[in-house]
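Here the structure comes first, spelled out in structure tokens, and everything after it is commentary.
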Amino acid sequence: MIARLAVTDACHPPLLAGAADDTGGMFAFDDSPQRARRTPAVVTELADGEVFVFGSNASGHHGAGAARAAFENFGAEWGVGVGPTGRSYAIDTMSGFDTMIEQIVDFLDYARAHPDTTFLVTPIGTGIAGHKVEDVAPLFQGAPANVVLPQVFVDAFDAQ
């Protein structure tokens, strides 16, 4: 199944959602069987070649939620609030929505540059940061196949 969503951020449409197709400004999320894997609600361990993707703050104070799990279980370094750290990847979700958009674009570029790594994305930005799932999920439209998304994001694609 291909879910389609109009991208509303005029500053970053091809970066937020992948390459445009022939749908008149719409972008596709590939929900075919090979993309059927979802990030578990709670990630307790990583297989070889997997990275835990979590929402952070710019200062890298990983005190709660998925950030704490990244720090305690997956090698996220205290003080590193953006980018790869240990077997984790931090996305700043606490410095405003526009910053989070930029961070997600950077992450998707990083994931494309590392096709042999599988990235388990948590529902970033929807906990302590307070953003709505329906606002964050579309930012992952067009994610490469090595990016595994949480079910709540896929459900948001289907609701569009």
Handout entry: Residue order, fewest to most surrounding Cβ atoms within 10 angstrom, among 51, 43
Key = 43, 51
Completion exercise
So the pair-distance distribution of the stretch 35-160, from every Cα-Cα distance in 10 Å bins, comes to percents of 14, 51, 33, 2
Problem - Against the rule of thumb 2.2 N^0.38 Å, how large the Cα Rg of the stretch 116-160 comes out - result: 1.12
Practice task
Would you list the P(r) distribution for the stretch 47-92, with all Cα-Cα distances sorted into 5 Å bins from 0 and each bin expressed as a whole %?
Solution key: 6, 31, 41, 15, 5, 2
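Taken together, the values in this text are just the output of simple stated rules run on the coordinates, not laboratory data. What you are looking at is a predicted structure, and each value in this text was computed from that prediction instead of being measured. Cβ: placed from backbone, ideal geometry, glycine included. Neighbour counts: every protein chain shown.
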